[in-house]
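Working notes, structure below.
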Amino acid sequence: MGAEQSSGRGAPRRRGTNGRVYRSGKRAREDDETDLERALELLEMNDFSSLAHARFPKVKGALSWAKLGEYACDAIKRELVQARDGADVHDAIEHARILESRLRARDGIKGARTTRELRDAIMNLAALTKALGEMAAIHKGTLAPSHDNGARATVIKQKWVRLGLGDSPFAKRLMEETVATVLASTSASGGVKALFNRAMATWLPSPAPPDGTKVEWDSDLDD
């Protein structure tokens with residue numbers, strides 16, 4: 001997809017399709033993104049025969065749109081869990097947007113089918129990454145908090161869990177910092193602040209059950 005890579009000292013660092021320089025320097029993460037971008041490229045193909053003859057070593061057996069879509073979903077999930085900063089989230093947002101566009105293009109092709117499970121995963125990933133992008137923009141001050149993005153914030157954790165994503169210190173920190181930004185805002189209304197407070201509550205540990213002895217009633221004892 002036009003990515004540049006060199007191992008020589010002083011050579012330009014690899015750039016993704018969005019032009020962002022990779023700061024981590026970890027080859028594994030760069031390779032993962034290269035594979036994801038290749039999968040997204042192949043997902044432009046909706047002809048079964050052409051896909052079956054394409055080569056993508058990360059997927060075993062003959063390729064299919066479903067196999068590539070599942071691979072792309074899993075790769076984007078890894079991006080989210082491993083995200084360290086807003087730039088990493090931006091990559092996941094862009095990849096999820098492309099994946100959603102591939103699905104919409106497939107929907108326009110007569111006879112092309114997509115399972116409900118895969119469709120739900122793609123749409124949930126697109127919605128989740130979009131909402132996370134809004135949180136990052138609100139924290140940076142480039143997007144005003146509103147009832148709309150506040151409502152989307154309240155279901156971020158729900159979508160996170162539904163997609164089977166694990167713990168992410170960065171995601172929780174992003175929510176904490178975004179909510180703090182909103183609460184400190186002089187322009188956000190009380191209703192908007194309440195929505196973001198509710199969103200943050202979903203990321204907090206569940207309260208421990210109160211101590212005490214549970215009493216079980218047996219109707220036989222009443223006789």
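The values are calculated or read from the model by the stated rules, or taken from the named source; none is laboratory data. Quick caveat: nothing in here was measured; it's all calculated off a predicted structure. Cβ coordinates were reconstructed from backbone atoms using ideal geometry, including for glycine residues, and neighbour counts include every protein chain displayed.
Filtering 11, 28, 3, 66 for residues that are within 21 Å of the chain's Cα centre (by Cα) and modelled with pLDDT under 85 leaves a single hit, 28. Among the residues making up the stretch 55-105, those that are small (Gly, Ala, Ser) and either surrounded by fewer than 16 Cβ atoms within 10 Å (Cβ to Cβ) or touching a strand residue (DSSP E or B) at 6+ places or on another chain (Cβ under 8 Å) (or both) are 61, 62, 64, 66, 87, 101, 105.
Within the stretch 142-183, can you find the residues that are in contact (Cβ under 8 Å) with a residue 60 or more places away in the chain and of a type in the set (Gly, Ala, Ser)? Residues satisfying the conditions are 164, 166, 168, 171. Restricting the stretch 73-95 to residues that are among the hydrophobic types (A, V, I, L, M, F, W, C) and more than 17 Å from residue 167 (Cα to Cα), which is farthest from the chain's Cα centre (by Cα)? Among them, the one singled out is 87. Residues that are among the aliphatic types (A, V, I, L, M) and in a loop (DSSP other than H, G, I, E, B) within the stretch 114-153 comprise 143, 144, listed in sequence order.
Which ones in the stretch 149-174 are of a type in the set (Gly, Ala, Ser), over 12 Å from residue 80 (Cα atoms) and surrounded by fewer than 17 Cβ atoms within 10 Å (Cβ to Cβ)? Matches in the stretch 149-174: 151 only.
Only one of the numbered conditions (1) assigned to a helix (DSSP H, G or I); (2) at pLDDT below 95; (3) under 20 Å from the mean Cα position of the chain (by Cα) is violated by residue 166, and that is (1).
Exactly one residue out of 133, 141 is on the phi > 0 side of the Ramachandran plot and in contact with a helix residue (DSSP H, G or I) (Cβ under 8 Å, 6 or more places away or on another chain), and it is 141. Being in contact (Cβ under 8 Å) with a residue 40 or more places away in the chain and farther than 16 Å from residue 144 by Cα is a property that residue 191 lacks.
Starting from residues that are over 21 Å from residue 102 (Cα atoms) and under 16 Å from the mean Cα position of the chain (by Cα), keep the ones in the stretch 133-148 and report whichever is surrounded by the most Cβ atoms within 10 Å (Cβ to Cβ). The selected residue is 135. Residues that are out of contact with any helix residue (DSSP H, G or I) (no Cβ under 9 Å at 6 or more places or on another chain) and either within 14 Å of residue 137 (Cα to Cα) or basic (Lys, Arg) (or both) within the stretch 173-192 comprise just one, 173. Restricting attention to the stretch 64-84, the residues that are among the hydroxyl-bearing types (Ser, Thr, Tyr) and either assigned to a helix (DSSP H, G or I) or in contact (Cβ under 8 Å) with a residue 40 or more places away in the chain (or both) total 1.
Closer than 29 Å to residue 46 by Cα and surrounded by 20 or more Cβ atoms within 10 Å (Cβ to Cβ): is that true of residue 129 in this structure? Taking the combined requirement at face value, the residue satisfies it.
For the stretch 100-113, taking the residues that are assigned to a helix (DSSP H, G or I) and not hydrophobic (A, V, I, L, M, F, W, C), the one that is farthest from residue 41 (Cα to Cα) is identified as 107.
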